[in-house]
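These notes are about the structure you will find just below.
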2 protein chains.
Amino acid sequence: MGKDRGLKMRIGIDIGGMTIKIGLVEGADIIARKVIETNSKSQTPEALIKNMAVATAELLQENNLAEDSSAKITVGIACPGTVDPAKGIVLYSNNIAWEDVPIVALFKKQMPAAVALANDADAAALGEVLYGAAAGKNNAILLTLGTGVGGGVIMNKKIFSGYMRGGCELGHTVIDRNGKLCTCGRRGCLEVYASATALMQAARKAAAEQASSLMNVFCRNDLSKLNGKIVFDAQKQGDMAAARVIDEYEENLSIGIANIVNIFRPEVVILGGGVSAQKEVLTEELQKRVAGMCFGAEHGDVPAIVTSQLGNDAGIIGAAHLID
Amino acid sequence: MGKDRGLKMRIGIDIGGMTIKIGLVEGADIIARKVIETNSKSQTPEALIKNMAVATAELLQENNLAEDSSAKITVGIACPGTVDPAKGIVLYSNNIAWEDVPIVALFKKQMPAAVALANDADAAALGEVLYGAAAGKNNAILLTLGTGVGGGVIMNKKIFSGYMRGGCELGHTVIDRNGKLCTCGRRGCLEVYASATALMQAARKAAAEQASSLMNVFCRNDLSKLNGKIVFDAQKQGDMAAARVIDEYEENLSIGIANIVNIFRPEVVILGGGVSAQKEVLTEELQKRVAGMCFGAEHGDVPAIVTSQLGNDAGIIGAAHLID
């Protein structure tokens with residue numbers, strides 16, 4: 001990591017299922033942004049990547065950065081799915097229905113810049129370590145608790161993703177060998193218990209079984225309107241059904257975090273995704289539980305559990321800093 | 001890793017609960033050995049480390065290596081438990097009842113050599129990658145299936161042990177959140193299902209419940225004489241009780257291996273410890289099961305599952321190569 005990190009102008013691109021967010025980044029700041037629609041199903045990867053490059057060029061021009069200066073500008077792309085950063089290829093991405101797309105080469109065809117690629121959770125984790133919840137630390141794990149459970153591992157301020165493709169799938173580690181079926185085909189993956197989806201499923205079931213639960217009141221008896229905030233709000237007001245759902249959720253998440261701690265022993269565990277909006281309400285309870293679960297906790301070290309600081313910008317900021 | 005690795009004379013020391021094995025190592029070969037008793041309960045760490053150094057000096061002399069050449073000789077020490085390689089301290093080792101022992105500094109007081117320290121499973125994993133079951137590869141995981149389940153992770157030909165102390169405890173990752181109690185205090189750790197101890201417990205229970213099982217015949221109805229070989233031999237001869245025990249064991253071990261693969265994606269998974277004596281009988285079955293469990297196996301890569309080649313010498317050989 002060069003000492004001048006943050007002084008250069010950088011582009012960070014975060015590809016999502018719905019939109020692609022492009023940011024002009026200086027250090028921790030996104031100076032200017034542009035958003036284009038992903039539409040990955042109605043256009044070829046080539047066409048979409050061209051649109052990304054055009055939007056990037058526009059963003060540079062709008063900010064008085066001549067196109068020929070793009071040679072000095074680094075571009076980092078964060079993409080969901082399994083990627084090969086060394087080869088610059090998106091191997092497989094369910095969200096955007098891509099397979100074997102040489103995104104780096106295709107982008108460079110459009111714009112003569114230094115371009116790097118990373119998995120989106122990895123990029124977000126790097127962003128949080130460099131400028132967010134783990135700033136000042138060198139070793140952290142990001143768990144995103146959203147539709148699924150994503151994971152990004154930063155060791156020594158660098159993305160760690162294992163050796164062969166498909167590594168660091170922290171959500172796809174089994175914590176209950178006879179448990180619920182996961183989308184990956186196995187039973188009892190962490191994702192099945194610790195995703196926001198899992199929390200909502202459990203809450204809907206509990207609310208349906210317990211008509212008097214405040215969860216039903218707060219969503220006006222329309223369980224399709226139930227959300228994470230409602231579950232935590234109901235718990236805070238003493239609702240037992242919500243409390244049981246959250247207790248079970250936190251226990252399972254703690255088991256997953258402790259497993260990860262027993263492997264990576266990071267300095268910080270960062271929680272992102274929808275559920276992390278609960279901040280200390282969530283982390284204080286997790287910290288207590290995880291402390292009791294880490295191997296040799298009395299002789300070892302228990303990392304701090306915190307929530308994301310950069311939120312949805314973590315991917316852009318991390319991507320912008322993929323190249324030193 | 002220098003090109004001349006293997007040309008230098010190196011000392012590898014493997015500390016066990018009963019004995020300390022010292023080897024004079026050249027490349028993959030242990031040219032000469034010395035074994036002393038550990039007796040860690042009847043003497044201070046200082047006294048034991050002095051004995052280690054004395055035995056090492058004798059080994060050098062017996063092999064016509066003058067004591068003053070020890071400055072050119074590197075010493076690597078493999079120790080069970082939680083160690084801090086950077087500081088050269090054994091933080092905590094249950095097997096030898098040590099706590100916070102600055103083993104590197106104490107050894108250097110006795111002998112002016114370059115001395116390095118590693119956890120014993122880590123050292124064994126390094127040995128297997130450099131000269132054993134994963135020779136020619138750079139990324140491998142060693143799982144030792146013995147009294148417990150130990151783990152050693154080698155990434156890019158270097159020991160990976162996480163950041164803070166107590167990392168890479170692969171045996172202490174929960175695969176069954178409501179499962180059996182582990183010595184570490186949690187429920188359902190991989191160690192509870194995949195250790196040799198676990199296999200024997202399950203086999204003894206099954207044999208006791210099924211009087212007609214060949215396992216009872218093979219150990220002459222003395223279940224204290226039951227061992228891993230008997231269980232696998234009974235299975236090979238069609239014994240259903242043994243087959244069920246092994247099926248369950250292999251399924252749990254596969255779950256643990258797939259979890260580790262989904263994190264580290266190594267090129268090779270090496271099995272060591274008593275159970276690994278079954279070689280292909282074990283690995284062929286595991287390979288099939290794990291292939292179906294790895295995340296995105298159709299798009300990712302599934303590592304080869306093999307058994308240890310260096311066996312009990314892996315620790316000495318790996319320790320001898322801790323210093324480049």
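Taken together, the values in this text are just the output of simple stated rules run on the coordinates, not laboratory data. Just so it is clear, the model here is predicted, and its values are computed rather than measured. Please note: Cβ atoms are built from the backbone with ideal geometry, for glycine as well, and neighbour counts cover all protein chains shown.
Quick notes on this structure:
- Listed residue (B:232, B:266, B:243) projecting farthest to the positive dipole end of region B:228-277, Cβ model: B:266
- Loop-resident sites, region B:228-316, for GluC sites (Glu not before Pro), counting at most 13 other Cβ within 10 Å (DSSP): B:298
- Estimated vicinal HN-Hα couplings, Hz - region B:274-287 in sequence order (Karplus 6.51, -1.76, 1.60; Gly, Pro = x): x, 4, 5, 4, 6, 6, 4, 3, 7, 5, 5, 5, 5, 4
- Across peptide A:180-192, the average count of Cβ atoms from other chains found within 10 Å of a residue's Cβ is 3.
- Alpha-carbon centroid distance for the pair region B:240-287 / region B:46-123, whole angstrom: 33 Å
- Using θ = phi - 60° in the Karplus curve 6.51 cos²θ - 1.76 cosθ + 1.60, the 3J(HN,Hα) couplings for region A:220-236 round to 6, 6, 10, 5, 5, 8, 5, 9, x, 4, 4, 4, 5, 4, 4, 4, 4 Hz; x is entered for Gly and Pro.
- For residue A:292, inter-copy label distances in nm, listed shortest first [label point 7 Å out on the Cα-Cβ vector]: 3.7
- Amide H contacts for residue B:25 (H built 1.01 Å from N in the peptide plane; partners 5 or more residues away or on another chain; cut-off under 5 Å): B:10, B:11, B:12, B:31.
- Backbone amide hydrogens, once placed in the peptide plane, bring residue A:307 within less than 5 Å of A:271, excluding anything fewer than 5 places away on its chain.
- Close amide H pairs (under 5 Å, H built 1.01 Å from N) link residue B:160 with B:153, B:154, B:155, residues at least 5 positions away or on another chain.
- In nanometres and ascending order, the distances from the residue A:181 label point to those of the other copies are 3.6 (point 7 Å from Cα along Cα→Cβ).
- Mean partner shielding of peptide A:17-28, defined as the number of other chain Cβ atoms within 10 Å of each residue Cβ, is 0.
- Across the identical copies, the 7 Å label point of residue A:18, projected outward along Cα→Cβ, sits 6.5 nm from its counterparts, in ascending order.
- Each residue of region B:154-165 was assigned a 3J(HN,Hα) from its phi angle through the Karplus curve 6.51 cos²θ - 1.76 cosθ + 1.60 (θ = phi - 60°); the sequence is 10, 10, 6, 6, 10, 5, 10, 9, x, 8, 7, 5 Hz, with glycine and proline shown as x.
- Violating pairs (Cα-Cα greater than 31 angstrom) within the set A:34/A:288; B:8/B:109; A:108/A:279; A:34/A:205; A:158/B:137: A:34/A:288; A:108/A:279; A:34/A:205
- Dipole magnitude for region A:198-274: about 220 debye, using +1 per Lys or Arg Cβ and -1 per Asp or Glu Cβ, origin at the Cα centre.
- A dipole drawn for region A:150-240 from +1 and -1 charges on Cβ atoms has a positive end, and of A:197, A:167, A:150 the residue lying farthest that way is A:167.
- Trypsin sites (Lys or Arg not before Pro) within region B:240-324: DSSP coil, no more than 14 neighbouring Cβ in 10 Å: B:279
- When DSSP beta bridges are restricted to pairs lying wholly in the protein assembly as shown, around 60% turn out antiparallel.
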